[in-house]
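The values are calculated or read from the model by the stated rules, or taken from the named source; none is laboratory data. Since the model is a prediction, treat every value here as computed from it, not as a measurement. FYI the Cβ positions are ideal-geometry reconstructions off the backbone, even for glycines, and counts take in every protein chain you see.
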Amino acid sequence: MGVKTFLTKEQQSAIVQAIADAEKATSGEIRVHLESTCKGDVLDNAVHVFKKLKMHKTALRNGVLIYLAVNDRKFAILGDGGINAKVPENFWDQIKETMVSHFATGDFTNGLIQGILMVGDKLKAYYPIQSNDTNELSNEISFGS
C-alpha cells in the first residue's frame with residue numbers, strides 16, 4: 001500500500017483539522033509524518049524526520065512529531081528539547097496507549113486524531129497559547145517513502 005493512499009483525503013483533512021484544533025490551546029507545534037516502512041529504530045527515524053522537517057527551529061523548541069511507519073506498524077511521539085526539559089519522564093505514555101488501542105483495531109485515523117488532541121491538551125499546561133502566537137510549522141501531513 002502506498003503511504004500517500006493509506007489515508008483517504010477526508011481522513012487526511014480530519015487529521016489536519018485536529019492539528020489546527022489542538023494548536024488553538026497551545027503554542028506547541030504538532031506535525032504528523034507517515035512513511036511506508038521504518039528501517040532500523042523507530043525513534044532514530046523519527047529524529048531524522050524531525051530534523052528534515054526543521055521542527056527544531058521553533059522559537060520555544062516546542063515541536064512534537066507523531067511519526068508512523070504504516071506497513072511496519074511502528075510509531076513514535078517525539079518532542080523537542082524545550083518540551084523534554086519541562087515535562088515528566090512518562091509524559092507521552094498515556095497518549096501512546098490511547099493511540100495503540102485505536103491502531104490495534106485498524107482505526108489509524110482516530111488513533112492519530114486522539115493522539116494529536118491529547119498532545120495539544122497536555123502541552124497547554126507548559127506552553128499556553130499566546131496572543132501573538134504564529135503557526136511556525138505546517139499542519140499538513142508529510143510523507144516519506
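Flag: Ala76 matches the condition of being surrounded by 22 or more Cβ atoms within 10 Å (Cβ to Cβ) and among the small types (Gly, Ala, Ser).
Residues that are of a type in the set (A, V, I, L, M, F, W, C) and modelled with pLDDT of 95 or more: find the helices (runs of 4 or more DSSP H) completely inside segment 31-145 holding 2 or more of those. Let's see the steps before the verdict.
Numbers: elements: 42-52, 81-84, 93-103, 108-123.
Per the criteria, 42-52, 93-103, 108-123.
Filter segment 6-60 down to the residues that are over 13 Å from Gly79 (Cα atoms) and β-branched (Val, Ile, Thr), then identify the one that is surrounded by the fewest Cβ atoms within 10 Å (Cβ to Cβ). Here the answer is Thr8. One residue stands out in segment 47-81 among those that are of a type in the set (Gly, Ala, Ser) and within 10 Å of the chain's Cα centre (by Cα): the one that is farthest from Lys122 (Cα to Cα), namely Ala76. When Asp121 is tested against (1) within 16 Å of Arg31 (Cα to Cα); (2) crowded, with 17+ Cβ neighbours inside 10 Å; (3) among the charged types (D, E, K, R), just one condition goes unmet, and that condition is (2).
Go through segment 60-76 and give me each residue that's without any contact (Cβ under 8 Å) to a residue 40 or more places away in the chain and either touching a strand residue (DSSP E or B) at 6+ places or on another chain (Cβ under 6 Å) or not acidic (Asp, Glu) (or both).
We begin by selecting, within segment 60-76, every residue without any contact (Cβ under 8 Å) to a residue 40 or more places away in the chain; these are 61, 65, 67, 69, 72-76.
Arg61, Leu65, Tyr67, Ala69, Arg73, Lys74, Phe75, Ala76, listed by residue number.
The single condition among (1) under 26 Å from Asp72 (Cα atoms); (2) touching a strand residue (DSSP E or B) at 6+ places or on another chain (Cβ under 8 Å) that Glu97 does not meet is (2). Looking only at segment 89-118, residues that are surrounded by 17 or more Cβ atoms within 10 Å (Cβ to Cβ) and closer than 17 Å to Lys9 by Cα come to 6 in all.
Of note, Val16 does not satisfy the criterion of being at pLDDT 95 or above, in contact with a Phe, Trp or Tyr (Cβ under 8 Å, 6 or more places away or on another chain) and among the β-branched types (Val, Ile, Thr). Scanning segment 1-30 for residues that are closer than 16 Å to Gly106 by Cβ and part of a strand (DSSP E or B) yields a count of 0. If the condition is being without any contact (Cβ under 8 Å) to a residue 24 or more places away in the chain and among the basic types (Lys, Arg), then segment 11-53 contributes Lys39, Lys51, Lys52.
With respect to the conditions (1) in contact (Cβ under 8 Å) with a residue 12 or more places away in the chain; (2) in contact with a Ser or Thr (Cβ under 9 Å, 6 or more places away or on another chain), Ala125 lacks only one, and its number is (1). A search for C-beta distances below 6 Å between a residue of segment 77-89 that is touching a residue at least 12 places away in the same chain (Cβ under 8 Å) and any residue that is surrounded by fewer than 20 Cβ atoms within 10 Å (Cβ to Cβ) and of a type in the set (Phe, Trp, Tyr), counting only pairs 6+ apart in sequence or on different chains, returns Lys86/Tyr126.
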